[in-house]
Amino acid sequence: MHRFILYIMLMFVGMPLLADGKDKPKPPTPIKTLLKEARNGIKNKRDQGRHEQALNEALKREGLGDAEKAEIYNMLALLNISLNDGENLKAYLNQKYDTAQFFNTLLKASQYALKSDSVDAVPDAKGKQRLSYRSKNRDILLKYRSNVYNGGRFFLRRNEYQKALPYFQIFLALREAEMMQDVDIIQLDGIYPQICLYAMLSAYNLQLPQTALLYIDESMSEVNGVSLALLQEYKVRCHAALKDTVNWVKDLKEGCSSYPKHDYFFTSLAEYYENEHMYDEGLALADTLLKKVPGGKLYYYAKSLFYLHKEKWNDCIEMCDSTLARDSLNTNAIYNKGLSYMNLAMETEENMDQDIRKARNKKEKEKIAAFYKLARPPFEQLRQLLPEDKERWGRPLYRIYLNLNLGKEFAEIEKLLGK
């Protein structure tokens, strides 16, 4: 009986020890083992994705040296090349294959190879570079470089800009990579302006203005099939998105100078000058562009607007006439002309001597009436052209008919305006 009790007690004493053994965390698989398993996966063409995940988890471990990181990144590149080989074989055998996967594995392989070289190039404690994987990484990057370019174009054609951008970025990054500085095919390749264009378009469509600006200047150095004026417009829009007014104005001026027939630059800059009350600058800009594009109706209209703001009524009317001579249905010019005549009438009335006994008042009143008569045709024409826009012509005509004592017309417009 005593033996039985002792046995039971010993059994319970041992149980916590067994439980403690179960709760102990499993030690991580050594890096060398993970790398060996990955090599076997490549050799047997199995579980490359699982090995990639395991190695990426291993990179998070503390205390990893640069040499270990370089080897892991190189192995990750090789795993993706192995996956790519599988898709490539399917294509060769005319079997159904995943085009996106084909390109994505090459992108990842290139990204891993660049990371591998980056940490491989870090000097050791004695300041020495060992560069154990430079040759291998460079071979990977050069071998698959053209297909990385093709992958970017594949996604760009599908308007998948988020996917396309990294391909062009990695392609361009090779040119700056230390390992490629003595490689002629990289340094002398003339395709970079085109790649910069693709990268810029992808970033622009992703609403990444800062990224787009990194590539836009080189994309404009030699571009086929794309308007340089349009690229300059993209550049301006990027600065606007970043609220960089200094460079926005600078590039608008450059656009006006280099591409005077691309109206976006002038209209944007003219609007800026108008909002900032920089009317003289606006007039000077319009005059400059009239020398480049003689007879440009847009510039005459802009001058009419700036003169209107400066309260130069006669100059405004002259510019409106110049505009209408080239665009007879320009409703803004018609409005500015009518408004200038009305302002001349009101200004004359304000300055008129209020002593009605003076004979000159009769002449002043005749002058005022003459201005209102001249203001009438533009606003009546505006009413015909824009019948729904009563705000533009209704009140001016009300004042004109009142001052010209046109009873019938006044009654009609009064009813129309609900007065």
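The values are calculated or read from the model by the stated rules, or taken from the named source; none is laboratory data. In this text the structure is predicted, and so the values were computed from the model without any measurement. Cβ placement follows ideal geometry from the backbone for every residue including glycine, while neighbour counts extend to all protein chains displayed. These area figures cover heavy atoms from the full protein model, side chains too; ligands, DNA and RNA do not enter into them. Shrake-Rupley method; radii C 1.70, N 1.55, O 1.52, S 1.80 Å.
Computed values, structure above
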| item | result |
| --- | --- |
| Number of positions in the range 253-263 that are part of a helix (DSSP H, G or I) and open to solvent by less than 50 Å² (accessible area, probe 1.4 Å) | 2 |
| Index of the failed condition, Ala359 passing every other in (1) open to solvent by 30 Å² or more (accessible area, probe 1.4 Å); (2) modelled with pLDDT of 95 or more | (2) |
| Hits in the range 148-164 - residues which are over 18 Å from Ala113 (Cβ atoms) and open to solvent by less than 10 Å² (accessible area, probe 1.4 Å) | Phe155, Ala164 |
| Residue tally, condition open to solvent by 70 Å² or more (accessible area, probe 1.4 Å), in a helix (DSSP H, G or I) and charged (D, E, K, R), over the range 243-252 | 1 |
| Condition met for Lys128 (at pLDDT below 95 and more than 20 Å from Lys45 (Cα to Cα)) | yes |
| Some residue of the range 403-419 being out of contact with any Gly (no Cβ under 7 Å at 6 or more places or on another chain), of a type in the set (Phe, Trp, Tyr), open to solvent by less than 60 Å² (accessible area, probe 1.4 Å) and closer than 24 Å to Ala333 by Cβ | no |
| Of all residues making up the range 174-229, the number that are assigned to a helix (DSSP H, G or I), open to solvent by less than 80 Å² (accessible area, probe 1.4 Å) and not aromatic (Phe, Trp, Tyr) | 26 |
| Candidate set: the range 290-314, residues that are free of Cβ contacts under 8 Å to residues at least 12 places away in the same chain and assigned to a helix (DSSP H, G or I); chosen: the one most open to solvent (accessible area, probe 1.4 Å) | Lys291 |
| Conditions (1) at pLDDT 95 or above; (2) under 26 Å from the mean Cα position of the chain (by Cα): number failed by Tyr112 | (2) |
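So that you can scan it fast, the table gives a plain yes or no per residue for (1) open to solvent by 60 Å² or more (accessible area, probe 1.4 Å); (2) in contact with a Phe, Trp or Tyr (Cβ under 9 Å, 6 or more places away or on another chain); (3) not β-branched (Val, Ile, Thr):
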{"site": "Ile42", "(1), (2), (3)": "no, no, no"}
{"site": "His51", "(1), (2), (3)": "no, no, yes"}
{"site": "Leu64", "(1), (2), (3)": "no, no, yes"}
{"site": "Ala70", "(1), (2), (3)": "no, yes, yes"}
{"site": "Met75", "(1), (2), (3)": "no, yes, yes"}
{"site": "Glu87", "(1), (2), (3)": "no, yes, yes"}
{"site": "Tyr92", "(1), (2), (3)": "yes, no, yes"}
{"site": "Ala100", "(1), (2), (3)": "no, yes, yes"}
{"site": "Ala109", "(1), (2), (3)": "no, yes, yes"}
